[in-house]
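Have a look at the structure below before the remarks.
The values are calculated or read from the model by the stated rules, or taken from the named source; none is laboratory data. All values derive from a computational prediction rather than experimental measurement. A quick note on method: Cβ atoms are made from the backbone with ideal geometry, for glycine too, and the neighbour counts reach across all protein chains shown.
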Amino acid sequence: MSLLATQDLTIRFGGHVAVDAVTCSFEPGTLTAIVGPNGAGKTTYFNLISGQLKASAGRVSLNGRDLSGLSASQRTRAGLGRAFQLTNLFPRLSVLENVRLAVQASREGSHRRGLNLLSIWSDHEALTARAREILEQVALLPKQDELVSALPHGDQRKLEVALLMALEPQVFMFDEPTAGMNAAEAPVILDLIRRLKADKRKTILLVEHKMDVVRELADRIIVLHNGALVADGKPAEVIALPVVQEAYLGASSPSAEGAHP
């Protein structure tokens with residue numbers, strides 16, 4: 001059974017079909033890059049999977065369970081993790097407190113006690129130790145006492161990944177994880193994704209414009225164009241397809257490379 005699957009997933013905005021009956025499955029132990037030109041529907045497809053948008057038609061399932069009627073937070077508890085959902089979890093708390101609360105949420109969820117994020121004190125030392133371990137992995141331990149609201153953009157992106165790691169989802173969803181980062185910051189995030197990829201129990205979805213990142217990390221590429229799935233396969237094979245060369249690579253000029261979908 002596929003871990004994550006979409007069946008005829010569709011969304012319409014008025015007369016415009018932004019995602020057009022996309023059927024695709026994603027297996028454990030695989031990193032799938034989702035590429036396509038600006039406006040292809042990549043982020044909208046992500047939003048439909050994670051529950052940020054309600055589909056006009058079709059379904060999303062995880063481990064055979066239909067998630068279509070669930071909210072974004074309910075899908076997170078079911079095992080879908082999307083980094084940006086967790087930004088500003090508690091912007092007025094410190095970096096360490098944010099990650100510690102996410103660790104607590106994961107542990108309480110696994111015991112089916114509900115997500116009472118503020119009742120963390122019984123296991124305070126263990127939670128803090130795990131939070132610091134995660135912060136060290138994302139190179140934020142020196143900033144553990146800073147307020148989240150005061151972090152620069154690059155550190156906020158690192159914290160998104162830290163919070164996602166703390167929740168221990170089955171599916172990791174990254175939408176341009178290095179966007180806005182400088183050359184020194186981006187390798188930290190890419191190395192974290194490599195380490196996550198090494199866990200063959202996890203499924204990773206990645207929207208990314210930078211083809212060097214896609215070539216290095218992806219086991220598989222799917223291509224969206226005008227909301228439809230137009231190619232699916234191994235990176236070298238997909239990148240070589242004429243439809244991809246025309247629809248995506250041809251749009252990857254220096255100005256388009258940094259543009260957001």
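Just one of Leu205, Leu224, Leu229 is aliphatic (A, V, I, L, M), under 13 Å from the mean Cα position of the chain (by Cα), in the same structural domain as Gly15 (by TED's automatic domain parsing) and assigned to a strand (DSSP E or B); which is it? Walk me through how you get there before you give the answer.
Details: Leu224 fails: under 13 Å from the mean Cα position of the chain (by Cα); Leu229 fails: under 13 Å from the mean Cα position of the chain (by Cα).
Result: Leu205 is the single residue among Leu205, Leu224, Leu229 that is aliphatic (A, V, I, L, M), under 13 Å from the mean Cα position of the chain (by Cα), in the same structural domain as Gly15 (by TED's automatic domain parsing) and assigned to a strand (DSSP E or B).
Could you tell me how many of the residues in region 59-73 are in a loop (DSSP other than H, G, I, E, B) and surrounded by fewer than 16 Cβ atoms within 10 Å (Cβ to Cβ)?
Residues meeting the conditions: 4.
Can you name the condition, by its number, that Ser56 falls short on among (1) among the small types (Gly, Ala, Ser); (2) touching a residue at least 40 places away in the same chain (Cβ under 8 Å); (3) buried (at least 20 other Cβ atoms within 10 Å of the Cβ)?
Evaluating Ser56 over (1) among the small types (Gly, Ala, Ser); (2) touching a residue at least 40 places away in the same chain (Cβ under 8 Å); (3) buried (at least 20 other Cβ atoms within 10 Å of the Cβ) leaves (3) as the failure.
Confirm whether Leu192 is modelled with pLDDT of 85 or more, outside the structural domain of Phe46 (by TED's automatic domain parsing) and under 19 Å from Gln137 (Cβ atoms).
Criteria met by Leu192.
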